[in-house]
Amino acid sequence: MGLAVGFTWPSESVLISDGGLATELEARGHDLSDPLWSARLLADDPEQIVAVHAAYFRAGASIATTASYQASFEGFAARGIARGEAVALLRRSVDLAKTARDAAGAENLCVAASVGPYGAALADGSEYRGRYGMSVAELTRWHRPRLEVLASAGADVLALETVPDVDEAEALVNVVRSLGVPAWLSYTIDGTKTRAGQPLADAFAVAAGVDEIVAVGVNCCAPDDVLAAIAIADIGKPIIVYPNSGERWDGTGWTGPRSFSAQRAVRWAAAGARIIGGCCRVGPADIAELATVLDR
């Protein structure tokens with residue numbers, strides 16, 4: 001069963017998404033220092049991915065985001081994984097989240113198939129820079145095969161996430177529009193610009209009038225940048241925000257103080273955010289606090 005336009009969010013006033021999948025796996029002792037990042041465990045230890053999805057559902061999340069963010073045919077091939085097996089692993093990422101959802105036994109839980117940017121597949125941090133030197137047409141061709149697999153795997157929605165660049169957003173929107181599948185579009189940002197330096201107003205305009213894009217917003221960014229982004233993201237679609245903890249990655253480890261908090265999330269909801277969660281270093285305890293505070 002594939003995706004279909006006509007998807008609507010459950011009726012709650014604010015939906016709680018999950019937190020960081022990979023960083024929670026690392027917190028549980030898994031070494032993800034691999035170009036495939038969390039996608040390595042799709043082959044090596046899939047039960048651990050189910051366990052993290054389940055932890056977020058128990059914490060109160062309504063959305064599980066799959067372990068496919070950094071999965072790519074090129075990345076799998078570099079590990080000696082043939083294309084047919086790579087397709088099976090991409091589909092497995094959705095099946096694992098569905099397994100956790102089914103075990104939770106609650107209604108209105110969603111599975112979002114994660115689609116990371118081209119830079120994530122390079123595993124060199126370029127998803128935080130964008131501007132890969134590729135045209136929109138080239139990026140469209142690169143993204144299409146993976147999106148086709150994930151769109152047919154039985155998720156509820158595609159998560160086009162951590163997008164650093166308007167050109168890449170155009171490519172991703174091109175594919176989901178041609179496939180006729182629902183997706184959210186979420187940028188990684190620095191202040192009120194994309195990581196590639198483009199104004200967020202221009203970035204969100206890419207999704208305006210596109211029925212297949214069912215939410216827009218920001219993720220994998222500083223909590224300090226969320227409020228301003230919510231105001232800019234108001235293009236008549238639900239707004240999704242899921243920033244990092246506030247700590248910064250310096251290439252070797254996470255440094256600095258945490259600034260993610262449930263109290264901030266209350267302000268994000270008041271400003272118009274419809275779906276709220278966390279990204280890197282935001283764990284099940286943080287999501288449980290969000291669920292408690294936002295359910296008041």
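The values are calculated or read from the model by the stated rules, or taken from the named source; none is laboratory data. Note that the coordinates shown come from a computational prediction; the quantities given were computed from them, not determined experimentally. Here the Cβ is made from the backbone with ideal geometry for all residues, glycine too, and neighbour counts use every protein chain on show. Calculation scope for accessible area: heavy atoms of the full protein, side chains included, ligands and nucleic acids excluded. Shrake-Rupley method; radii C 1.70, N 1.55, O 1.52, S 1.80 Å.
Structure notes:
- One residue from 265, 273 being among the aliphatic types (A, V, I, L, M) and over 18 Å from residue 160 (Cβ atoms): 265
- Residue, surrounded by the fewest Cβ atoms within 10 Å (Cβ to Cβ), within segment 105-118, restricted to residues that are at pLDDT 95 or above and of a type in the set (Gly, Ala, Ser): 116
- Selection over segment 29-45 of residues that are open to solvent by 70 Å² or more (accessible area, probe 1.4 Å) and among the charged types (D, E, K, R) gives a count of 2.
- Residue check for residue 26: over 16 Å from the mean Cα position of the chain (by Cα), open to solvent by 40 Å² or more (accessible area, probe 1.4 Å) and more than 30 Å from residue 269 (Cβ to Cβ): no
- Qualifying residue in segment 203-220 (condition: surrounded by 24 or more Cβ atoms within 10 Å (Cβ to Cβ) and more than 26 Å from residue 175 (Cα to Cα)): no
- Selection status of residue 241, closer than 16 Å to residue 14 by Cβ, within 18 Å of the chain's Cα centre (by Cα) and part of a strand (DSSP E or B): yes
- Only listed residue being at pLDDT below 90 and assigned to a helix (DSSP H, G or I), chosen from 6, 75: 75
- Looking only at residues of segment 243-277 that are at pLDDT 95 or above and under 21 Å from residue 126 (Cβ atoms), we find that the one that is least open to solvent (accessible area, probe 1.4 Å) is 243.
- Search result, residues across segment 79-96 that are under 13 Å from residue 39 (Cα atoms) and either outside any helix (DSSP H, G or I) or open to solvent by less than 60 Å² (accessible area, probe 1.4 Å) (or both): 79, 81, 86, 87, 88, 89, 90, 93, 94, 96
- Any hit, segment 221-235, residues being open to solvent by less than 10 Å² (accessible area, probe 1.4 Å), within 30 Å of residue 32 (Cα to Cα), modelled with pLDDT of 95 or more and touching a helix residue (DSSP H, G or I) at 6+ places or on another chain (Cβ under 7 Å): yes
- Each residue in segment 97-129 was checked for being β-branched (Val, Ile, Thr), part of a helix (DSSP H, G or I) and under 17 Å from the mean Cα position of the chain (by Cα), and 0 pass.
- Residue in segment 285-293 that is in a helix (DSSP H, G or I), at negative phi and free of Cβ contacts under 8 Å to residues at least 60 places away in the same chain present: yes
- Test result for residue 229, more than 18 Å from the chain's Cα centre (by Cα) and of a type in the set (A, V, I, L, M, F, W, C): no
- Of the residues making up segment 135-185, those that are of a type in the set (S, T, N, Q) and closer than 19 Å to residue 123 by Cα number 1.
- Hey, residue 128 more than 20 Å from residue 89 (Cβ to Cβ), among the hydroxyl-bearing types (Ser, Thr, Tyr) and crowded, with 16+ Cβ neighbours inside 10 Å or not: yes
- A residue that is without any contact (Cβ under 8 Å) to a residue 24 or more places away in the chain and among the hydrophobic types (A, V, I, L, M, F, W, C) occurs nowhere in segment 256-267.
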